[in-house]
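The values are calculated or read from the model by the stated rules, or taken from the named source; none is laboratory data. Everything numeric here is computed off the predicted structure, so don't read it as measured data. Cβ placement follows ideal geometry from the backbone for every residue including glycine, while neighbour counts extend to all protein chains displayed.
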Amino acid sequence: MLFNSLIFLFAFLPVTYLVFWSLRSTRQRHIWLTITGYVFYGYWDPRFCLLMAFTTLVSYTAGRALLGEQDPRKRRWIMIAPICVDLSLLGFFKYAGFFTRSLNDLGDFLGWQADLPVLDVILPIGISFYTFHTITYIVDAYRGVITPTRSFWEFGAYVSLFSQLVAGPIVRFRQIEKDLENVGHAQRRSGLTIGLSFLAFGMFEKVIVADSLAHYVDPWLANYPELGTAGTWLAVLGYTFQLYFDFSGYSTMAVGLGLMFGLRIPQNFNSPYRALNPSDFWRRWHISLSTVMRDYLYIPLGGNRGTRWFMYRNLMITMLLGGLWHGANWTFVVWGAYHGALLVGYHFVSGKDGENTARFPGWLGQLITFVLVVVGWVFFRAHDLPMAMELLHNMFTVQAGSLPVEALQFGLLILLAAVIARWAPNSFEYHEKFRPTMVRMATAALILGVSIALITGSRASPFLYFQF
Amino acid sequence: MGESQENAGKPRRGFLSGLLAWGAFGLVVAAGCELGSRVDDWFFDRVPVTSNPTFTGLFMPHASGFRVGRPYARWKKVRVNNLGMRGPDVPEARTAGCQRWLFVGASETFGEPFVADHEYPAVLRRLLAGGPCVEILNSAFPGIVPRQFNAYYKAELARHRPDLVFIYPSTHFYLKEVLPPPAPEPGTARVDPPGLLDRLRFMERLRDSAEVPAPLQRRRVAQWIERQVAGKPADWQYRSAPADRLEIMDTELREFLQTIRDTGAEPVILTHAVRVQRVPRAEDFADLRAMRVYVPRPTEEGLADFEYAAAERTRQVAADTHTRVIDVAARLSGQRDRFIDLVHFTPETHELVAGMIADAMRAPAPREN
């Protein structure tokens, strides 16, 4: 089920909301949130509910086991076992085909004729997200950062919470634990107004901006060999903003929906195209993923302790795996490596404390970072490496080619998106010190109305991050 | 994040003021729906914000008694050209050195209103671009019955002086209980102004996107057919292709072909294809039953049989009159995945049909012995 669908807005959400607030106890609300999460998820394909239920059960059991276990060695195994289960499921469903295909290709290259059977498995939607939810829960429980919950329904509600189930943000249990525990005493009215305002803001980003850009980006990039230099730049810039507003819109809607149920979901995007450098970009883009990668991979690898080269190695490993997390394709691996190289390059140039870049004008840093990020999106969007190379070739050499007739409209949309991304307040800035004034609520209502109109038109599209 | 602390210490709002506030919120949402629909149509389809395009607005009454296309009208993704036909503008007078191909048909040829330029005449226009100049005129409009083609051609279409006239007759209309007259009474055409709800573009979007659940829809159709059949004698229903209706179709098609030739144009017939097999499969019945809302007199089996018999008769007429025939029925009938319902093509099928026409027109025409 999509947030930007009529069935969600006019059936699922009102029913879920009204029943939730008519329930009295914390336990009842946990059960209801779990049930609705499975309905939300199962609407896409009910078979994969079993997979999510299995992951939930394994991690919950491990959490309970950690509660009573003091022996460090046993605790370590209790942590490792469920993580292996989670990663095996993720590996099977997401990467099995990719690895066997890659091994076959490598075999062919070396003349070995590997001919391993390639599995084309359907990727369960959101598996990358809920797997990270359960893994971070287990690791935090092992580290003693959180106390594992004794309530199965509280944990079930955490994993299957519909607002962040299929495309994040990756909410760690510790970030939402208090709200889940107090969900029976949440304040309905204040959550509803601010939640609606967040939802409308997210709708604006996703339905009005991202989907309008997609109207041009998708057909243009489908015919990328025919695009010249200008056309390719326009298409890639369009995608740059489409991706941002699409994913940011989803995250903003998730925050709004969470607030409507008394749950505070953390910020996932903080105007990333204002970033001054690659390091700053990763503090602003998909914050929940980059902090998970930092806390559960980069720091355990050694982080920036030790020599510079040790830190560079850790950065590269983290970013490569971060790239691979996004999809089983070499384009994502290259994208991760590219961003790893940007971070290494930035740390190399800036010095340990950034002293070498302190004199750099802010606007220049923003511009360079933005262009570098745009180049990276080429790998992110391309179906394969030859497509990425051809797009880059078209961008950086003068190529004659067709410029579709709607180029002016598309250019105007990109300009509007750029202005919003760079200068307008993001959703959390807009809602700082939020008061449900008449103007604010009327604005939210108008945006919701316009978004519903566009959803009922023919252009509504699924969220880009569903594929991850 | 600035979670609000509003209302802290304030008296609780009364029920009435809350109701008013949420009522106002709902009204603004509704206004946003309409505004959004209009701005969306304007930005992506160039439909003026203040206009109220409707299906009936695509037409205007003609002195002949027919409704004809209203030049430059719009509705959904439909753009009517300067000649009142779906497609881009075409010069009023024939362009020197250009062939002019005219398409006559109903909704199958007009195409879906939700998508622009997917209908087979539009695809053909793209296929022929870059070759010798051909002007494509798509005069089809939904609901026109084939027995009125002849009169419509004489009254409105012949003046465009086509070289070729492609006919795609919706043969199932010959099964209407009471056949409409071959030509309407002159001066009787009416185009009703749209009602208030029809003027709300969001309502139209909502109608388009809302789907009646399949079981409910099946029940509605079944009840409707039951009402139409109730009280009729047993032999009233067509259980196989009725010979008299085939004869009428045969005669009128021959007359139309002659009319076209009399105006100096060459007719080309496309046989009418359907999704179902002649002896319907279990999965064919739902499509046939849905069509019975328009033609309740034949049974599902009778309707399928008539469609196949009509295609055979069309081939026979083409052979007798030395008319070029493009056998769409032979190529597509019975292939469920080629259609979205009993008679309308998928976008891929529109492309296939356009390709069949392009190929056929490269082949030499049949000659009289």
Boolean, B:Arg147 is more than 14 Å from every other protein chain (Cβ to nearest Cβ), surrounded by 16 or more Cβ atoms within 10 Å (Cβ to Cβ) and of a type in the set (Lys, Arg): yes
Residue count, segment B:170-201 (criterion: over 30 Å from B:Gln237 (Cα atoms) and of a type in the set (A, V, I, L, M, F, W, C)): 5
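Can you tell me which residue in segment A:177-205 is farthest from A:Asp246 (Cα to Cα), limited to those that are of a type in the set (S, T, N, Q) and within 11 Å of chain B (Cβ to nearest Cβ)?
Of all residues in segment A:177-205, those of a type in the set (S, T, N, Q) come to A:182, A:187, A:190, A:193, A:197.
Restricting the remaining residues to those that are within 11 Å of chain B (Cβ to nearest Cβ) gives A:187, A:190, A:193, A:197.
Numbers: A:Gln187: 30, A:Ser190: 27, A:Thr193: 23, A:Ser197: 17 Å.
The qualifying residue farthest from A:Asp246 (Cα to Cα) is A:Gln187.
Within segment A:354-366, is there a residue that is crowded, with 21+ Cβ neighbours inside 10 Å, modelled with pLDDT of 90 or more and assigned to a helix (DSSP H, G or I)? Give the derivation first.
Taking segment A:354-366 as the starting set, the residues that turn out to be crowded, with 21+ Cβ neighbours inside 10 Å are none.
No; the residues of segment A:354-366 include none that is crowded, with 21+ Cβ neighbours inside 10 Å, modelled with pLDDT of 90 or more and assigned to a helix (DSSP H, G or I).
Can you pull out the helices (runs of 4 or more DSSP H) entirely within segment A:222-305 that have at least 3 residues that are of a type in the set (A, V, I, L, M) and more than 14 Å from chain B (Cβ to nearest Cβ)? Outline the logic, then answer.
Working: elements: A:229-260, A:278-284, A:287-293.
Per the criteria, A:229-260, A:287-293.
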Residues (among the small types (Gly, Ala, Ser), in a loop (DSSP other than H, G, I, E, B) and more than 26 Å from B:Val328 (Cα to Cα)) located in segment B:63-108: B:Ala63, B:Ser64, B:Gly65, B:Ala73, B:Gly84, B:Ala93, B:Ala96, B:Gly97
Residue that is modelled with the lowest pLDDT, among those in segment A:41-65 that are of a type in the set (A, V, I, L, M, F, W, C) and surrounded by 21 or more Cβ atoms within 10 Å (Cβ to Cβ): A:Met52
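Does B:Val221 fit the bill of being among the aliphatic types (A, V, I, L, M) and surrounded by 15 or more Cβ atoms within 10 Å (Cβ to Cβ)? I'd like the intermediate steps shown before the answer.
Working: among the aliphatic types (A, V, I, L, M): yes; surrounded by 15 or more Cβ atoms within 10 Å (Cβ to Cβ): yes.
So B:Val221 passes the test.
Scan B:Asp327, B:Asp305, B:Asp359 and give me the residue that is among the charged types (D, E, K, R), surrounded by fewer than 20 Cβ atoms within 10 Å (Cβ to Cβ), farther than 23 Å from B:Phe114 by Cα and at pLDDT 95 or above. Give the steps one after another, and end with the answer.
Numbers: B:Asp305 fails: surrounded by fewer than 20 Cβ atoms within 10 Å (Cβ to Cβ); B:Asp359 fails: at pLDDT 95 or above.
Only one candidate qualifies: B:Asp327.
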Some residue of segment A:146-169 being away from chain B (no Cβ under 14 Å), surrounded by fewer than 24 Cβ atoms within 10 Å (Cβ to Cβ) and farther than 25 Å from A:Phe20 by Cα: yes
Criterion violated by B:Gln335 - all others in (1) polar (S, T, N, Q); (2) surrounded by fewer than 20 Cβ atoms within 10 Å (Cβ to Cβ); (3) out of contact with any Ser or Thr (no Cβ under 9 Å at 6 or more places or on another chain); (4) in contact (Cβ under 8 Å) with a residue 24 or more places away in the chain satisfied: (3)
Options A:Phe40, A:Phe10: the member that is in a helix (DSSP H, G or I), aromatic (Phe, Trp, Tyr) and in contact (Cβ under 8 Å) with a residue 24 or more places away in the chain: A:Phe40
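Of all residues in segment B:321-356, count the ones that are of a type in the set (D, E, K, R) and either outside any helix (DSSP H, G or I) or under 16 Å from the mean Cα position of the chain (by Cα) (or both).
Taking segment B:321-356 and keeping what is of a type in the set (D, E, K, R), we get B:324, B:327, B:331, B:336-338, B:341, B:348, B:351.
Then drop every residue that is not either outside any helix (DSSP H, G or I) or under 16 Å from the mean Cα position of the chain (by Cα) (or both), which leaves B:324, B:327, B:341.
Number satisfying all stated conditions: 3.
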Flag for A:Arg174 being over 16 Å from A:Leu33 (Cβ atoms), of a type outside the set (Asp, Glu) and either touching a Gly at 6+ places or on another chain (Cβ under 8 Å) or assigned to a loop (DSSP other than H, G, I, E, B) (or both): no
Search result, residues across segment A:251-289 that are over 22 Å from A:Lys206 (Cα atoms) and either among the small types (Gly, Ala, Ser) or in contact with a Cys (Cβ under 6 Å, 6 or more places away or on another chain) (or both): A:Gly262, A:Ser279
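With respect to A:Phe281, determine if the residue is over 30 Å from A:Glu406 (Cα atoms) and aromatic (Phe, Trp, Tyr).
Criteria met by A:Phe281.
Quick grid of which residues meet (1) on the phi > 0 side of the Ramachandran plot; (2) within 12 Å of the chain's Cα centre (by Cα):
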residue	(1), (2)
A:Asp246	no, yes
A:Thr252	no, yes
A:Val255	no, no
A:Phe261	no, no
A:Ser271	yes, no
A:Leu276	no, no
A:Ser290	no, yes
A:Tyr296	no, no
A:Arg305	no, no
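Residues are listed down the side, and each one gets a yes or a no for (1) of a type in the set (Asp, Glu); (2) more than 24 Å from B:Ser37 (Cα to Cα); (3) over 19 Å from the mean Cα position of the chain (by Cα):
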| position | (1), (2), (3) |
| --- | --- |
| A:Ile208 | no, no, yes |
| A:Ser212 | no, no, yes |
| A:Trp220 | no, yes, yes |
| A:Pro225 | no, yes, yes |
| A:Leu234 | no, yes, yes |
| A:Thr240 | no, yes, no |
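For segment A:428-443, indicate whether the set of residues that are crowded, with 22+ Cβ neighbours inside 10 Å, within 11 Å of chain B (Cβ to nearest Cβ) and under 30 Å from B:Arg201 (Cα atoms) is non-empty.
Of the residues in segment A:428-443, the ones crowded, with 22+ Cβ neighbours inside 10 Å are A:431.
Narrowing the set further to residues that are within 11 Å of chain B (Cβ to nearest Cβ) leaves A:431.
Next, only the ones that are under 30 Å from B:Arg201 (Cα atoms) stay: none.
No: segment A:428-443 contains no residue that is crowded, with 22+ Cβ neighbours inside 10 Å, within 11 Å of chain B (Cβ to nearest Cβ) and under 30 Å from B:Arg201 (Cα atoms).
Please determine, by comparing only the residues of segment B:19-29 that are at the interface with chain A (Cβ under 9 Å from one of its Cβ atoms) and surrounded by fewer than 16 Cβ atoms within 10 Å (Cβ to Cβ), which one is nearest to B:Leu197 (Cα to Cα). Give the derivation first.
Step one: filter segment B:19-29 for residues at the interface with chain A (Cβ under 9 Å from one of its Cβ atoms), giving B:21, B:24-29.
With surrounded by fewer than 16 Cβ atoms within 10 Å (Cβ to Cβ) added as a condition, the list becomes B:21, B:24, B:26-27.
Details: B:Ala21: 26, B:Ala24: 21, B:Gly26: 18, B:Leu27: 16 Å.
Within segment B:19-29, the match that is nearest to B:Leu197 (Cα to Cα) is B:Leu27.
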